[in-house]
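Peer 1: One structure is given below, represented as structure tokens, and several questions about it will come after.
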Amino acid sequence: MPLSTPSQKALVPFVSVENMMRFVLHFGVETILKELTEAITADFARWQEFDKTPRIACHSRDGVIELMPVSDGRTYGFKYVNGHPKNMAEGLQTVTALGLLAEVSTGYPVLLTEMTLLTALRTAATSAMAARALAPKGARTMALIGNGAQAEFQALAMKAVLGIERVRLYDIDPQATAKVVRNLSGSGIETLACASSHAAVEGADIITTCTADKQYATILTDNMVAAGIHINAIGGDCPGKTELHRDIVARSDVFVEYAPQTRIEGEIQQMEPDFAVTELWQVLTGQTPGRTGERQITLFDSVGFAIEDFTALSYVRGKLEGSDFYQEIDLIADPDEPRDLFGMLQRAR
């Protein structure tokens with residue numbers, strides 16, 4: 001007997017790495033970063049609609065593998081993501097990811113996509129969203145400590161959303177810094193390679209730390225952080241991994257995505273369980289003030305949260321219709337008679 005033709009519902013749009021690159025280059029990196037910033041802001045504004053949970057992590061001595069699920073009651077999304085700092089020495093990515101959206105009413109997937117590139121974009125957009133709410137007005141200079149795969153996206157998001165003009169760079173590997181300088185050439189951002197993290201933060205309005213090592217690190221010490229600074233600490237994302245000295249956290253007003261997750265994975269894992277933090281959605285909806293004074297130190301203790309991935313996946317899905325940036329894949333078994341899965345298998349002989 002002839003094989004059944006899958007129904008349209010069983011064919012799932014799939015965005016490969018190649019198509020994601022085509023997608024990003026077609027619309028433009030800075031355009032996507034600006035639009036993602038607005039989309040994430042809008043979803044944070046409806047924070048209470050989401051069914052939220054801290055991500056599910058599987059830790060090993062080599063790294064971590066995580067699932068990040070969330071739903072708004074109509075659409076469900078999750079991301080698979082890893083973090084393996086040792087991969088760099090083997091010529092592999094530290095972070096890889098893929099993501100899926102499904103309709104809650106049937107459970108059927110409606111999008112499957114690469115998310116290594118998309119995660120870099122959504123992380124940078126989230127940083128820009130936080131800095132727009134928390135950084136000093138008129139900020140034009142950012143220090144970027146940790147010049148790996150995320151660095152260029154962070155710099156371009158801050159330019160696109162906040163108007164950052166200068167980025168002072170430092171990495172323990174000078175080749176990483178040289179890579180960023182090369183990649184941002186012609187972007188409209190003035191770059192300066194610095195010899196130390198102390199030199200990088202000089203004159204900065206915003207400090208972004210995005211290092212990869214899975215350890216209790218002290219990328220910033222208390223004496224490096226002047227009054228009025230905004231810090232985006234985005235490197236901490238699992239237990240046992242931090243970037244800031246505890247004293248910096250203690251004298252900052254700390255803002256987080258989802259406190260139950262950040263207390264486990266973020267900079268505040270160093271602090272007492274009841275250390276005061278503000279969830280960023282409360283600032284974005286006007287329920288709580290963000291920056292309240294010129295000398296205030298604001299700290300966005302970002303570990304990445306599933307709503308950001310949900311937004312990014314939804315954003316891509318919304319732009320796919322009528323495009324050639326995806327292919328349909330036969331992902332769901334689809335027998336003509338829903339109860340006759342075995343019969344479908346037999347007929348495939």
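The values are calculated or read from the model by the stated rules, or taken from the named source; none is laboratory data. The model shown is predicted, which means the values in this text are computed figures rather than measured ones. Note that each Cβ is placed from the backbone with ideal geometry, even for glycine, and that neighbours are counted across all protein chains shown.
Peer 1: Give Arg122, Arg168 a once-over and let me know the one that is closer than 27 Å to Pro13 by Cβ, crowded, with 18+ Cβ neighbours inside 10 Å and either of a type in the set (D, E, K, R) or modelled with pLDDT under 95 (or both).
Peer 2: On the way: Arg168 fails: closer than 27 Å to Pro13 by Cβ.
So the residue among Arg122, Arg168 that is closer than 27 Å to Pro13 by Cβ, crowded, with 18+ Cβ neighbours inside 10 Å and either of a type in the set (D, E, K, R) or modelled with pLDDT under 95 (or both) is Arg122.
Peer 1: Only one of these is surrounded by fewer than 19 Cβ atoms within 10 Å (Cβ to Cβ) and touching a Cys at 6+ places or on another chain (Cβ under 7 Å): Ala57, Ala89. Name it.
Peer 2: Numbers: Ala89 fails: touching a Cys at 6+ places or on another chain (Cβ under 7 Å).
Going through Ala57, Ala89 in turn, the sole match is Ala57.
Peer 1: Kindly indicate whether any position in the stretch 136-146 is surrounded by fewer than 20 Cβ atoms within 10 Å (Cβ to Cβ) and outside any loop (DSSP other than H, G, I, E, B). First the steps, then the outcome.
Peer 2: Of the stretch 136-146, the ones surrounded by fewer than 20 Cβ atoms within 10 Å (Cβ to Cβ) are 136-138, 140-141.
Among the residues that remain, those that are also outside any loop (DSSP other than H, G, I, E, B) are: 141.
Yes.
Peer 1: Right, Thr208: assigned by TED's automatic domain parsing to the domain that holds Ala149, outside any loop (DSSP other than H, G, I, E, B), without any contact (Cβ under 8 Å) to a residue 60 or more places away in the chain and β-branched (Val, Ile, Thr) or not? First the steps, then the outcome.
Peer 2: Working: assigned by TED's automatic domain parsing to the domain that holds Ala149: yes; outside any loop (DSSP other than H, G, I, E, B): yes; without any contact (Cβ under 8 Å) to a residue 60 or more places away in the chain: no; β-branched (Val, Ile, Thr): yes.
Answer is no for this residue.
Peer 1: Out of curiosity, is Ala178 assigned by TED's automatic domain parsing to the domain that holds Ser197 and out of contact with any helix residue (DSSP H, G or I) (no Cβ under 9 Å at 6 or more places or on another chain)? Spell out the reasoning first.
Peer 2: Details: assigned by TED's automatic domain parsing to the domain that holds Ser197: yes; out of contact with any helix residue (DSSP H, G or I) (no Cβ under 9 Å at 6 or more places or on another chain): yes.
For Ala178, the condition - assigned by TED's automatic domain parsing to the domain that holds Ser197 and out of contact with any helix residue (DSSP H, G or I) (no Cβ under 9 Å at 6 or more places or on another chain) - is met.
Peer 1: While we're on this one: Whether any residue in the stretch 34-45 is under 22 Å from Leu117 (Cβ atoms) and among the hydroxyl-bearing types (Ser, Thr, Tyr) is what I want to check.
Peer 2: yes
Peer 1: Out of the helices (runs of 4 or more DSSP H) lying entirely within the stretch 233-349, which hold 2 or more residues that are touching a residue at least 60 places away in the same chain (Cβ under 8 Å)?
Peer 2: Values: elements: 246-250, 259-265, 280-284, 306-320, 341-346.
Ranges flagged: 259-265, 280-284, 306-320.
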